[in-house]
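Undergrad: Handing you this structure, nothing more for now.
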Amino acid sequence: MDLKDYIRSIKDYPKKGILFRDITTLIKDESAFEATINQIVEKSKKFKVDKIAAIESRGFVFASAVSYILKKPFIMLRKKNKLPADVHSVVFQLEYGTATIEVHKDSISENDSVLIIDDLIATGGTAEAAAKLIEISKGKVAAFIFVINLFDLGGCENLLKNGYKVENLMDFPGH
């Protein structure tokens, strides 16, 4: 099964000049979704993993299923003010402005090896912020797994340059 066949590309969304890679067409097909989860599970077996984290919100779709299959705790990395208990926060740069992601302070213990899963990587800013959250929590990033890599935007290369392990299921151009 070629999972690329299940990704819809939408021009000029959410704004002019962007070619949006839509995963909703992949997750609404039970066979494609199952194949995606199975491929992520297989890739995750390359790494020592204590916990699985995902970046809000589409990462939750994939990571929660992988967490269930691997019987590992699931950690949500959420936008600012979405978690009710004490949090660690990281502010990071977006194309136009800044954003903040957070994790509960009690989600990750010292030396926990955490696999971070997300639907897509573009420039890598959000992924780098997620890694910082894990490290602030005294955990270690086992690796990143992305469903889609927008290869011409350089996010995977940036993560690799910073010493992180990175896997992805498919590549698309970002433009």
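The values are calculated or read from the model by the stated rules, or taken from the named source; none is laboratory data. Because the structure is a prediction, the values reported are computed rather than measured. Positions of Cβ are generated from backbone atoms using ideal geometry, with glycine treated the same way; all protein chains shown enter the neighbour counts.
Undergrad: I want to confirm something. Restricting to region 10-34 and keeping residues that are under 14 Å from Ala122 (Cβ atoms) and of a type in the set (Val, Ile, Thr), which single residue is farthest from the chain's Cα centre (by Cα)?
TA: Here the answer is Ile18.
Undergrad: Which pairs turn up if I take residues in region 157-168 that are surrounded by 13 or more Cβ atoms within 10 Å (Cβ to Cβ) and at pLDDT 95 or above and look for partners that are part of a helix (DSSP H, G or I) and among the β-branched types (Val, Ile, Thr) with beta carbon separation below 9 Å, at least 6 apart in sequence or on another chain?
TA: Listed by first residue and then by second, the contacts come to Glu167/Ile40.
Undergrad: A follow-up question, please. Would you check if there is a residue in region 129-148 being hydroxyl-bearing (Ser, Thr, Tyr) and either free of Cβ contacts under 8 Å to residues at least 24 places away in the same chain or surrounded by fewer than 18 Cβ atoms within 10 Å (Cβ to Cβ) (or both)?
TA: To start, the set of residues in region 129-148 that are hydroxyl-bearing (Ser, Thr, Tyr) comprises 137.
This time we only want the ones that are either free of Cβ contacts under 8 Å to residues at least 24 places away in the same chain or surrounded by fewer than 18 Cβ atoms within 10 Å (Cβ to Cβ) (or both), so: none.
For region 129-148, residues hydroxyl-bearing (Ser, Thr, Tyr) and either free of Cβ contacts under 8 Å to residues at least 24 places away in the same chain or surrounded by fewer than 18 Cβ atoms within 10 Å (Cβ to Cβ) (or both): absent.
Undergrad: So which of Ile69, Ile55 ends up being in contact (Cβ under 8 Å) with a residue 40 or more places away in the chain and either out of contact with any Lys or Arg (no Cβ under 7 Å at 6 or more places or on another chain) or surrounded by 18 or more Cβ atoms within 10 Å (Cβ to Cβ) (or both)?
TA: The unique qualifying residue is Ile55.
Undergrad: For region 27-39, state whether one or more residues are touching a residue at least 24 places away in the same chain (Cβ under 8 Å), crowded, with 17+ Cβ neighbours inside 10 Å, in contact with a Ser or Thr (Cβ under 9 Å, 6 or more places away or on another chain) and of a type in the set (Gly, Ala, Ser).
TA: Yes; the residues of region 27-39 include at least one that is touching a residue at least 24 places away in the same chain (Cβ under 8 Å), crowded, with 17+ Cβ neighbours inside 10 Å, in contact with a Ser or Thr (Cβ under 9 Å, 6 or more places away or on another chain) and of a type in the set (Gly, Ala, Ser).
Undergrad: Another question about this same structure. Which of the residues belonging to region 89-121 are outside any loop (DSSP other than H, G, I, E, B) and aliphatic (A, V, I, L, M)?
TA: Result: Val90, Val91, Leu94, Ala99, Ile101, Val103, Val114, Leu115, Ile116, Ile117, Leu120, Ile121.
Undergrad: Going by the conditions given, is Ile121 under 24 Å from Ile27 (Cβ atoms), of a type in the set (Val, Ile, Thr) and touching a Cys at 6+ places or on another chain (Cβ under 9 Å)?
TA: On the way: under 24 Å from Ile27 (Cβ atoms): yes; of a type in the set (Val, Ile, Thr): yes; touching a Cys at 6+ places or on another chain (Cβ under 9 Å): yes.
For Ile121, the condition - under 24 Å from Ile27 (Cβ atoms), of a type in the set (Val, Ile, Thr) and touching a Cys at 6+ places or on another chain (Cβ under 9 Å) - is met.
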